[in-house]
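What follows is calculated from the coordinates using simple rules that are stated; it is not laboratory data. All values derive from a computational prediction rather than experimental measurement. Please note: Cβ atoms are built from the backbone with ideal geometry, for glycine as well, and neighbour counts cover all protein chains shown.
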């Protein structure tokens, strides 16, 4: 059974940067004051567990917290949450992905220029909440063009996109907007690395017999990769760690493709590769191995 | 044989307006000074012939013309042509379609705002020449997304569209631009009436057995209607007048659809309807007639 790993599986620039900031802050931090993130810093439970060992807690809301240090997660936080934290005397360390930051700033620019802002993405995703949360007027968040039906038509529409969305979503929404609006200004805020990761995963999925997509079950960009591979007609499994592998997935398969989300550490991808190489699938002669 | 006429066959707002301006100017004009258009005022030879009877000549270039009156055709004229005419002491009467005017102004606005301007349309069409001709930097004119391949990528792209293009062309180009550029500002300058005419023609073509598309052979919007009907899988014929009808087109057909371009006068459409109703197609029992 041959194993092919996508060239861009694993941490993206923004995740690497956020983790460096978080580990540095945790190391430097005075241990008796709280240091925390509001929601996980990235969507990978294994990495978050490692950070917790370093003293970085994850809280779900600010509750009655005052003081201490908050690392702003890679997905960013809505402006009013940041203001609330400042009012509570909490020090902020910003680990927002610079590409998410750009999406936030572009959305603000569009609102300032008088455009009705549309964000293409998942309504409840923390990144989208952080983009929408910076605007003085409510933005419209839509996942696909069909969600525009029934919404009021605006003459001037400004569009940004969740950084990890597939380009096809943005294109489809803009196409439908062109039927409804006279003027459309679009910032393609999709992260280039995400786009390339998706293109690579899709290319691999079309070639191999089974695809493993490694990453947090709570990671939207990992789930998206898995969905794209399935849509390409490939047997695809979304796993967090090598423990979840099942030998029957590989029965009669000749080539396995492996990719990982932007928040998946290399050591977890490597673990999965080793585990797959060690699997003797039922009916596998074991004659072929990784090239 | 049933005959169905599309509800919006015939003159559009801009053509009606241009012809009113032209006929009024011709009537008021002092007969011994030249009055002319540079290129036909609209793309319909029969209407242009009627205007010539009123003294309105069509010239192909300004040559050594000085003085007189020039009616600016419905498609508009490039700025430097207008400046040349003014220098020659020619009076200008502007019959540019207001929607074309808007496309010209939007393209200028985009150029002023620092966007690389893309015009979606036919490179040699007078309207496109008039839009491109108002800009200080050369615009890129493209008919479809494939024409972008090989062109240099721009970070900021501004898009306008020839007013009579199908929306699908604009959408396809914007979709491809989103793969290449960070910021795209689009003015959907497609004329609403043209869009509705195309939707109606397409609906009719899908229902009837044969479509007649009536209008100037030099009329891009009429040719476009004909092409859309053919692409819908319908037998479709582009004719200028009833004289071109051939009985064999209607052999074994039960329903005929008729539409006309934006520059096709009602009397020519009516002539075609009467002629079709009078045709005894080979094998037609003549039992059915127009509802």
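If you project the alpha carbons of the stretch B:169-276 onto the principal axes, what extent comes out on each, in Å, largest first?
55, 27, 19
Placing a label point 7 Å from Cα toward Cβ, how far apart in nm is residue A:98 from its equivalents in the other copies, listed shortest first to one decimal?
Result, one decimal in nm: 4.9.
Would you please state which residues of the stretch A:171-185 a label at residue A:156 would reach in this model, taking the label point 7 Å out along Cα→Cβ and a backbone N cut-off of under 15 Å?
A:181-185
Nm distances between the label at residue B:168 and the same-position labels in the remaining copies, 7 Å along Cα→Cβ, shortest first?
The answer, with the shortest distance listed first, is 1.9 nm.
Taking a point 7 Å out from Cα toward Cβ as the label site, list the nm distances between residue B:152 and the same residue in every other copy, smallest first.
The answer, with the shortest distance listed first, is 4.3 nm.
Find, to one decimal place in angstroms, the Kirkwood hydrodynamic radius of the stretch B:37-132, where the mean of 1/r is taken over every pair of different Cα atoms and then inverted.
So the Kirkwood estimate lands at 14.3 Å.
Given the protein assembly as shown reduced to its alpha-carbon atoms as identical point scatterers, what log10 I(q)/I(0) does the Debye formula return at q = 0.08, 0.10 Å⁻¹?
For the protein assembly as shown at q = 0.08, 0.10 Å⁻¹, log10 I(q)/I(0) is -0.74, -0.94.
What ranking of A:101, B:217 emerges when the number of other C-beta atoms within 10 Å of each C-beta is taken as an exposure proxy, fewest first?
B:217, A:101
Using the number of other C-beta atoms within 10 angstrom as an exposure proxy, rank A:1, A:70 with the fewest first.
A:1, A:70
Considering the Cα trace of the stretch A:1-91, what is its radius of gyration and what is Dmax, both in angstroms?
15.2, 58
Points 7 angstrom from Cα along the Cβ direction at residue B:124 and residue A:275: gap in nanometres?
Result: 6.5 nm between the two label points.
Using only alpha carbon pairs under 8 Å that are at least six residues apart, calculate the relative contact order of chain B and give it in whole percent.
Relative contact order of chain B: 23 percent.
Report, as a whole number in µm² per second, the diffusion coefficient that Stokes-Einstein gives for the stretch B:117-165 at 20 °C and 1.002 mPa s using the Kirkwood radius over alpha carbon pairs.
After rounding, the answer is 192 µm²/s.
Could you work out the per residue convex hull volume over the alpha carbons of the stretch A:146-196, in cubic angstrom?
Enclosed volume per residue, from the Cα hull, is 68 Å³.
Let me know the volume per residue of the alpha-carbon convex hull for chain A, in Å³.
Spread over its residues, the Cα hull of chain A gives 132 Å³ apiece.
Under 10 Å, Cα contacts only: if you run a Gaussian network model on chain A, which one of A:155, A:163, A:264 comes out with the highest mean-square fluctuation?
The residue with the greatest mean-square fluctuation here is A:155.
For the rotation that brings chain B onto chain A, whose beta-carbon in chain B is nearest the axis, and what is that distance in whole angstrom?
Closest Cβ to the B-to-A rotation axis, residue and whole-Å distance: B:185, 2.
To the nearest whole number, what is the average tally of beta carbon atoms from other chains within 10 Å of the beta carbons of peptide A:167-176?
3
In nm, give the distance between the simple-model label positions of residue A:46 and residue B:241, each being 7 Å from the Cα along the Cα-to-Cβ direction.
8.0
Sort A:267, A:226 so the one with the fewest other Cβ atoms within 10 Å of its own Cβ comes first.
Fewest to most other Cβ atoms nearby, the residues stand as A:267, A:226.
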